[in-house]
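Okay, so here's the structure we're looking at.
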Amino acid sequence: MEDIVFTKNEKRLFEEYNLSDFVYRNKEKGFYYESEDIKKIVDNMEKYRCPDKDCAFIGDNWDRLKNHVVEVHDKKLCNICINKKKIFPYEQKLYTEEELIRHNKTGDPDDKSFKGHPQCGFCLTRFYDDDDLYDHCKKNHEECQVCKQQNKPNQYFVNYRTLSEHFNKEHYMCPHPECLEKKFIVFATELDLRAHEIEEHMKTGKGKGRYQLIDLDLGFNYSDPTASSSYYHSRHERGDRHNNRDENRNNRNNRHDNRHDRSDSNYGNERRDRNDRNNRNNRNNRNNRNDRNDRNDRNDRNDRNDRNDRNDRNDRNDRNDRNDRNDRNERNERSENNNNNDNNQISVENENREENSNQNKLNQRSRSNRKNNISSAKRRFNVPEGFGSKLTASENENDIKSEEENIPETSSSSNNQERQPSSSVVASSSSSEQRPATTTITSMDP
């Protein structure tokens, strides 16, 4: 079926359509649509719609549809029916695991005409019907033509080697080397084989033995004509005049028989020699075939062993590569961890140095503030030069306490260290400004 016309007119014949007049068509599939509505209907039917009536899923291809059927409905589609059965996707049947096995072996209970998908006995592959199986066997296996001629069709063998064994066992195969090389030179009866040997192989000889004697056992039964009584009486009624002639004939026959016996003995020897040669050739051919088969088997085993060795080596190399990658990754991780630790340690040291430098700056600022306070006190009381000023014991004690309070602040946490110096500065400055000037002036007598 090359071209298909989709129409609503059931009575119009295909020959009455002119395919070039169709506007809506699909040349790749050979579809021709009478109208756009019909084309939309057919396109919708061709979509990969789920066969479940309650499901509205539409897939992009068969693989998406099969995955959906397995994951959502826990069922399967028959791959053979998908490829061979001429129906739309939504018309396919869904099967469970057991139903699919029964479908392949014996068919469906609701379809009595379908008896399952036949299986090739050699490849164990199933096909849609007997025609597909027949085509497969014709292309990939060997059929016995002699059995087919004997009304035994469909006698297939996996390859020619098993078919030749069947020829030697069930039929009559020509043992000559040139016929063995040609293959399929086999006959249904021994008489056909002998006729073939006379026609094909006796004409090829040269010199002695060109024409050879071949025994043909045709299964005929011979009887002695002299054994009947009527012949006996008729012979004796002819009289004695025939006796001499009979004796002469017997003498000639005896001489001819003697010559024929000698020639038969020669022919018998030649026939035995020929049969011996044929038997030797057959044995040699069988031995050669067996040797070839053994060599092929050894080569196959060696090839399998080589493939296994290569696969093992590849597996070992893959494992070694994975181990090397893992080792490199571990080393890189360790090195990164060490670098991170070093960086953290360096950052901590830098923070400590910054904190120490800030603390030193604060200490210097506090000392300068004390000096400024002392100088301002001297200016306030107009202390002349030459007179010494001495702070009271309470002021010295306050200065010592303020210095002691600044020293433990350097060993606190980093956050407290950042906040504490500014407050201490303000406190020291305020205390210095608001501290009452309790100085005593002593005179220095000359």
- Query: Picking from K8, K93, which residue would you name as being more than 26 Å from the chain's Cα centre (by Cα), in contact (Cβ under 8 Å) with a residue 12 or more places away in the chain, in a loop (DSSP other than H, G, I, E, B) and more than 30 Å from D130 (Cβ to Cβ)?
  - Reply: K8
- Task: Filter segment 15-61 for residues that are aromatic (F, W, Y) and either under 23 Å from N83 (Cα atoms) or in contact (Cβ under 8 Å) with a residue 24 or more places away in the chain (or both) and give the result.
- Result: F31, Y32, Y33, Y48, F57
- Task: Please specify each residue of segment 21-38 satisfying the condition of being under 46 Å from the mean Cα position of the chain (by Cα), on the phi < 0 side of the Ramachandran plot and either outside any loop (DSSP other than H, G, I, E, B) or surrounded by 13 or more Cβ atoms within 10 Å (Cβ to Cβ) (or both).
- Result: F22, Y24, R25, N26, F31, Y32, Y33, E34, S35, E36, D37, I38
- Unique match (being modelled with pLDDT of 85 or more and surrounded by 10 or more Cβ atoms within 10 Å (Cβ to Cβ)) among R370, R380, R334: R334
- Looking only at segment 106-119, decide whether some residue is farther than 25 Å from C137 by Cα, outside any loop (DSSP other than H, G, I, E, B) and under 27 Å from the mean Cα position of the chain (by Cα). no
- Message: Scan segment 165-181 and tell me whether some residue there is touching a residue at least 12 places away in the same chain (Cβ under 8 Å) and touching a Gly at 6+ places or on another chain (Cβ under 8 Å).
- Response: no
- Query: Can we say Y128 is out of contact with any helix residue (DSSP H, G or I) (no Cβ under 9 Å at 6 or more places or on another chain), surrounded by 12 or more Cβ atoms within 10 Å (Cβ to Cβ) and among the aromatic types (F, W, Y)?
  - Reply: no
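The values are calculated or read from the model by the stated rules, or taken from the named source; none is laboratory data. All of these numbers come straight from a predicted model, not from anything done at the bench. Because the Cβ atoms are built from the backbone with ideal geometry, glycine has one as well, and the counts that use them run over all protein chains shown.
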